[in-house]
Structure formats: structure tokens, C-alpha cells
1. So which residues in region 49-101 are more than 16 Å from Ser20 (Cα to Cα) and of a type in the set (Phe, Trp, Tyr)?
2. Read through the list (1) open to solvent by 60 Å² or more (accessible area, probe 1.4 Å); (2) of a type in the set (Ser, Thr, Tyr); (3) in contact with a Phe, Trp or Tyr (Cβ under 7 Å, 6 or more places away or on another chain), then give the number of the only condition that Ser123 fails.
3. Please state which one of Thr53, Thr69, Thr27 is part of a strand (DSSP E or B), of a type in the set (Ser, Thr, Tyr) and either free of Cβ contacts under 8 Å to residues at least 24 places away in the same chain or open to solvent by 60 Å² or more (accessible area, probe 1.4 Å) (or both).
4. Output the residues belonging to region 83-109 that are open to solvent by 70 Å² or more (accessible area, probe 1.4 Å) and either assigned to a strand (DSSP E or B) or closer than 18 Å to Gly25 by Cα (or both).
5. Do you know which residues across region 3-24 are of a type in the set (Gly, Ala, Ser), assigned to a strand (DSSP E or B) and at pLDDT 95 or above?
Amino acid sequence: VQLQASGGGLVQAGGSLRLSCTASGRTLSPYAMGWFRQAPGKEREFVAAITYTGSVPILYAETVKGRFTISRDNGKNTMYLQMTSLKVEDTGTYYCAASVRWSGSYAPGYDYWGQGTLVTVSS
């Protein structure tokens, strides 16, 4: 399955963005999904993960809990990451990923990765 992340951009601190991850080639519904991010000079880190159906468990990194919301619309073959109260430290390239088995925050467990979309939060 090919994943395409979009929706990144430049936003001021305190602002909001919604990222989308659209699949082509196959339906997204059999896959658990996740968002990861990588800041310049840092390792890729987990952001959020959602199950096949969007039901529990839904996981968030502590750094984004309460500010970010992950969701999916299998009918549209799309996953979303609604980001609010953005902080400068949220800056980075955001990647979406899909896994056949539930992988949660474990990046090596994901089978497919999108190309990333850049989010820049200015102070």
C-alpha cells in the first residue's frame, strides 16, 4: 500500500493543523496506523497510533496527549492527525505508517511508510 501524507505547513505557536494520510493501491481498513515525526537532527519518534477500526486502544505520546487527535475514515481510505495548541517543539517531518499487526509506538513493527509532510511551528 502506498501512503501519502499531506497537510503540513508553517503555523504560529498556538495554532492548529490537520494532517492527512491517504492510501492508494489498497484499502486502509485492514491496517493499524500510526503517526511518527522527526525533528531536524533528532531520531524519529512516535506521535500517535490507532487500531484498524479506530476503537481503543488509541495511543498518544505524552508530549502530544491532550493536543493531538488521531482518527481514521476507512470509507475515505484516509487517516488524520488533528494538531492543536502547537508548540515550537512540534516542528518536524511527520510520517504516517501502516502495520498489518498492531504495533503501537514500535516503529519497526510498521510495514508501510509515507514520504512525510513538514510541519514548522514558529514562535
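The values are calculated or read from the model by the stated rules, or taken from the named source; none is laboratory data. Note that the coordinates shown come from a computational prediction; the quantities given were computed from them, not determined experimentally. Note that each Cβ is placed from the backbone with ideal geometry, even for glycine, and that neighbours are counted across all protein chains shown. Areas reflect the complete protein model, heavy atoms only, side chains present, ligands, DNA and RNA absent. Shrake-Rupley method; radii C 1.70, N 1.55, O 1.52, S 1.80 Å.
1. Listed by number, the residues that qualify are Tyr52, Tyr60.
2. Only one criterion is unmet by Ser123, namely (3).
3. Result of the check over Thr53, Thr69, Thr27: Thr69.
4. Scanning region 83-109 gives a single hit, Val100.
5. Selection gives Ala5, Ser6, Gly9, Ser20.
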